Amino acid sequence: MKTLVTGGCGFIGSHAVDRLLAEGHEVTVIDNLSSGNIRNLEHHKGNPKLQVHIAGIEEHAKIESLFAGIDWVFHLAALADIVPSIEKPMQYHNSNVNGTISVLEACRKHQVKRIIYSASSSCYGIPDSFPTPETAEIRCQYPYAVTKYLGEEYCLYWEQIYKMNITCMRFFNVYGTRARTSGTYGAVFGVFLAQKLNNKSYTVVGDGKQTRDFTYVTDIVDACVTAVKRDDVSGQIFNVGSGNTYSINRLVQLLGGEITYIPKRPGEPDCTFADTKKIHKTLNWTPKVSLEEGVKIMLENIDYWKEAPLWDTNSIAEATKDWFKYLGK
Ligand code: UDP
């Protein structure tokens, strides 16, 4: 197949590229390197089946022609993280919403056969029930969640109106090798691994008893590739999770080291836990990598986080000021 991965130099995108090339497909990557890094694809250098284009997905005139002849699109490009989305909501809207329409329109023009959209479990906010099914109420807590949800809505409307084949995958707490390490304060794994490398204590939020559905990146990619191969499934939303939920204290135990406790933040759920019955039943998909296995792989590759920013109580307090200011009651 001729495939296209937006955000292919990023964390999840580069794993999607690995998988698609391993299956023998041709891959075109579009990435603006805002948080992705070309070194994530270094191991494919010289592979004639891979083409990389540096452009933003919202730059429609620049990217549109790259969709000619493409069979499958994996739309994984997005701006991530909570704090910068509160500080720069227009940038998030531009990348995650305008960028998504731009991708959809390019797909429509070139009659792309199937599209996978990377939606986010952050749309559930603080839900009433665990595990949380796809039918749970939408309760976005911050601009990042809103923009990813709007992107999902656009996908579903384009699916209906223009009769395109689109599947939306709501990812839960994705982690794995090459997890992003840009300057902004973000997902827990990058923070903790940099702290481990520097022999510093882990900045655990609250009492560390909160749990997350940590889902290993190759499982996420596997779910997307499984979905793209099913032409009988379209216009559907699927949760993609690990089938489990793990406490931050358990994560610390697996990583080993000291803890410093930092204040709980407003708008953060005490638990994320995907109800994966739908994806199991419809796509016959199940996750394969446990947290224990995933953490082991990350520790084997810990050198990747050598240049990652090192966070401590004070710098986190400074970086999360707007979080407390705008999301606090
Ligand atoms: N977390 C933590 N210390 C940090 C950053 C995050 O204990 O320095 C916790 C956070 O409270 C949450 C979990 O790790 O329970 C996952 O946080 P992340 O930001 O990765 O994902 P999200 O909260 O958006 O699910």
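The values are calculated or read from the model by the stated rules, or taken from the named source; none is laboratory data. Here the structure is a predicted model, which is why all the values come from computation and not from measurement. As a convention, Cβ positions derive from the backbone with ideal geometry for all residues, glycine included, and neighbour counts pool all protein chains shown. The area values use the complete protein model at the heavy-atom level, side chains included, leaving out ligands, DNA and RNA. Shrake-Rupley method; radii C 1.70, N 1.55, O 1.52, S 1.80 Å.
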Q.
I need a count of the residues in the stretch 219-229 that are in contact with a helix residue (DSSP H, G or I) (Cβ under 6 Å, 6 or more places away or on another chain) and of a type outside the set (A, V, I, L, M).
A. 1
(Q) Restricting to the stretch 199-238, and then to whatever is within 14 Å of the ligand (Cβ to nearest atom) and out of contact with any Ser or Thr (no Cβ under 8 Å at 6 or more places or on another chain), can you tell me which residue is farthest from Ser121 (Cα to Cα)? (A) Lys200
(Q) With the requirement that a residue be more than 19 Å from the chain's Cα centre (by Cα) and open to solvent by less than 20 Å² (accessible area, probe 1.4 Å), what does the stretch 268-300 give you? (A) Leu283
Q. What pairs come up if the first residue lies in the stretch 293-310 and is touching a residue at least 12 places away in the same chain (Cβ under 8 Å), the second is open to solvent by 90 Å² or more (accessible area, probe 1.4 Å) and in a loop (DSSP other than H, G, I, E, B), and their beta carbons are under 9 Å apart, counting only those six or more places apart or on different chains?
A. Leu310/Lys200
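Counting only residues that are hydrophobic (A, V, I, L, M, F, W, C), within 16 Å of the ligand (Cβ to nearest atom) and out of contact with any helix residue (DSSP H, G or I) (no Cβ under 7 Å at 6 or more places or on another chain), how many does the stretch 292-319 have?
Number satisfying all stated conditions: 2.
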Q. Of everything in the stretch 198-233 that's closer than 30 Å to Phe74 by Cα and assigned to a loop (DSSP other than H, G, I, E, B), which residue is modelled with the lowest pLDDT?
A. Asp231
**Q.** Residues (of a type in the set (A, V, I, L, M, F, W, C) and open to solvent by 20 Å² or more (accessible area, probe 1.4 Å)) located in the stretch 137-163
**A.** Ile138, Cys140, Val146, Leu150, Leu156, Trp158, Ile161
Q.
Taking the conditions exactly as written (open to solvent by 50 Å² or more (accessible area, probe 1.4 Å) and closer than 24 Å to Val174 by Cβ), does Glu23 satisfy them or not?
A. yes
Q) Under 8 Å by Cβ, and 6 or more places apart or on different chains, what pairs join a residue from the stretch 258-273 that is more than 7 Å from the ligand (Cβ to nearest atom) with one that is charged (D, E, K, R) and not in a strand (DSSP E or B)? A) Thr260/Asp312; Tyr261/Asp207; Pro266/Lys329; Asp270/Lys209; Phe273/Asp213
Q. When the residues of the stretch 164-198 are filtered to those that are among the hydroxyl-bearing types (Ser, Thr, Tyr) and near the ligand (Cβ under 10 Å from one of its atoms), which remaining residue is least open to solvent (accessible area, probe 1.4 Å)?
A. Tyr175
Q.
Just the residues that are among the small types (Gly, Ala, Ser) and touching a helix residue (DSSP H, G or I) at 6+ places or on another chain (Cβ under 6 Å), please, taken from the stretch 167-183.
A. Gly176, Ala179
Q | Residues within the stretch 138-166 that are within 19 Å of Gly241 (Cα to Cα) and out of contact with any helix residue (DSSP H, G or I) (no Cβ under 8 Å at 6 or more places or on another chain), tallied | A | 0
Q) Would it be correct to say that Tyr246 is out of contact with any helix residue (DSSP H, G or I) (no Cβ under 8 Å at 6 or more places or on another chain), within 12 Å of the ligand (Cβ to nearest atom) and open to solvent by 20 Å² or more (accessible area, probe 1.4 Å)? A) no
